Amino acid sequence: MTDVKLILSIANAAFAKKDPWNRLAQDICRNFYPIRADYTEDLDLEDFAGDLTDGTPLHARETLGNAIDAMLCQGDWFKVGTGDPDRDKRPANAVALQRATVLMRGAIKSRKSGWMAMKKDADMDWVSVGNPCIAVDESADRQHAVFHAFHPRDCAWTLDENGQGVEMFFRRDKKSARHIMQRIESGRWTGSPSTAMREAALKTPAEEFPLIHCMVPIDMCYGPQERKTKRYIHKYMSLWVDPSDERLLHESSKPNFAYVAPRQRRIAGKPWGFSSYALNSIADARMLQDMALVLLEQGQKAVDPPTIGDSQVFTRDMNFMAGGHTEVDLGEARSLRDVFATIDTGQRLNVGIEMKADVRALIAESWLLNKLMLPTLRDMREVEVMVRTEEFRRAALPFFAPIEEQYHKPLLSMTFDTLQTMGALSAEMFPPELRGEEVDFTFESPLNEAEGRKVV
């Protein structure tokens, strides 16, 4: 029998351990990604980004996040292979792998897959906090694959004994009483709901209840003998748990681990990823907002400077609006300059503008905005082409390499496994030489083009 208390204790410990990362992500998103700044507090849409006075950090994050799809995922950007070029080039193997590639591309581009929405959210999480959380699953009718990007705030996980791969994944979710009862009454969920859920389904069907979805190895639920008795042949268990009373609402075995949690920058001993772009520029972003506020105040003073007047002369408010007129009594032989003065505080405004420009340049450099441009090779000699291409490669490598290896490959591998489970990619379509081999992917990107031009 599944030990719900044990699994919930592991989940609660994983979420508690992740709290400091959530606080860091909240600070990063407050400066770079305000629409996602709800890790530790509710999002205030009425005063959205009310504490920001300069949009440069937001623009940097948006530009770099959009660059992932624009530069790496256009056209036929990936190919299915096995990692052995000689084997992949054999005629029968090449035909089968090309067919698998076409089927995968079709599944991704399908209107019902949700790939584009998932990819946009995941790309922004990758560049801002360094750790998107993605699920790849089959639709309820098993007709197509479905992709979801979940808020990293709601997810926690543990690593395997090697400290590399994700072993257990937990996701907090909320479902209405009506939807919970629909799943139970239709037989899609096999557990028993609480009395509160049953009553809410009748009286307040829109009321939401917090749940936790757990993806764990099957050994966490059943031992070898019990697994044989229950005839579970898959490696993982998908559990829906009601944490309020430690109640199991549903359990099912799964052949694939449904979640992908790619991590951009890994730090030893920590299961979460970090964004090197945000970490390198968070101090500059904070300083830029303070500088922008000071310059805004100084700019207002320069345009509409403060004034000083003799209280015996100016006995009423002065009218400085266009066409305004203020009557004063200067007395005899007195000049207006003797009783009225304008305070000019804008002499050093240019210095502040120059300092602000320097900070903006540092943020742009931290987010690679001045590096991710292919060099123009027209009217260049061969040696110069090689030098410029190599410069671009060195500058772009820190951006491209982690995305392809730690983000796109695991995501596509999970997609391939899901399509196999659905039957969209059957084993019979591959020659005997390829059956049972691990799948690998090659990519077409500006980085690969640069390497190709270098070889030429």
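Computed from the coordinates by the stated procedures, all read-outs in this text should not be read as laboratory data. Since the model is a prediction, treat every value here as computed from it, not as a measurement. Note: ideal-geometry Cβ built from the backbone for every residue, glycine included; neighbour counts use all protein chains shown.
For P271, the shell of other residues with beta-carbons less than 12 Å away shows a net charge of +3, using +1 for Lys and Arg and -1 for Asp and Glu. Applying 1/(1 + (r/R0)^6) with R0 = 35 Å to the Cβ-Cβ distance of K112 and S9, what FRET efficiency is obtained, to the nearest 0.05? Efficiency computed from Cβ-Cβ geometry: 0.40. Placing +1 on the Cβ of every Lys and Arg and -1 on the Cβ of every Asp and Glu, with no other charges, gives the chain a dipole of roughly 1840 debye about its Cα centre. With contributions of -39500 (n - 2.57) from each DSSP H run of at least four residues, the per-residue ellipticity at 222 nm computed over the chain stands at -14000 deg cm²/dmol. Relative to the longest principal axis of the Cα atoms of the chain, the long axis of helix 4-17 lies at roughly 30 degrees.
The alpha carbon centroids of region 101-131 and region 21-35 are separated by 22 Å. Contact order, relative form, for the chain: 20 percent (alpha carbon pairs under 8 Å, 6 or more residues apart, mean separation divided by residue count). Kindly state, to the nearest 0.05, the FRET efficiency for R142 paired with S426, given R0 = 22 Å and r defined as their beta-carbon distance. For R0 = 22 Å, the calculated efficiency reads 0.95. Straight-line cross-link partners of K89 among the lysines, defined as a Cα under 17 Å from its Cα and at least 8 positions apart when in the same chain: K79.
Plugging the Kirkwood radius over Cα pairs into Stokes-Einstein for the chain, at a temperature of 10 °C and a viscosity of 1.306 mPa s, what D comes out in µm²/s? Estimated via Stokes-Einstein, D reaches 60 µm²/s.
Placing unit charges on the Cβ atoms only, positive for Lys and Arg and negative for Asp and Glu, gives region 136-275 a dipole magnitude near 260 debye about its Cα centre. Dipole magnitude for region 135-203: about 540 debye, using +1 per Lys or Arg Cβ and -1 per Asp or Glu Cβ, origin at the Cα centre.
Partner aspartates and glutamates whose Cα lies under 15 Å from the Cα of K254, excluding those fewer than 8 positions away in the same chain, are identified as D137, E138, E167, D219, D417. Based on the inverse mean of 1/r over its pairs of different Cα atoms, what is the Kirkwood hydrodynamic radius of region 33-189, in Å? Taking every pair of different Cα atoms in region 33-189, averaging 1/r and inverting gives 19.4 Å.
Angle of helix 91-109 to the longest C-alpha principal axis of the chain, folded into 0 to 90 degrees and rounded to 10: 50°. Taking the longest Cα principal axis of the chain as reference, the axis of helix 446-455 is set at about 80 degrees. With a cut-off of 14 Å between beta carbons, the residues surrounding P20 carry a summed charge of +3, where Lys and Arg count +1 and Asp and Glu -1. Extents of region 364-444, taken as max minus min of Cα coordinates on every principal axis and listed largest first, are 51, 30, 16 Å. Please name whichever of V4, P431, N280 sits farthest to the positive end of the charge dipole of the chain, dipole taken about the Cα centre and charges placed at Cβ: Lys and Arg +1, Asp and Glu -1. Of the options given, the answer is P431.
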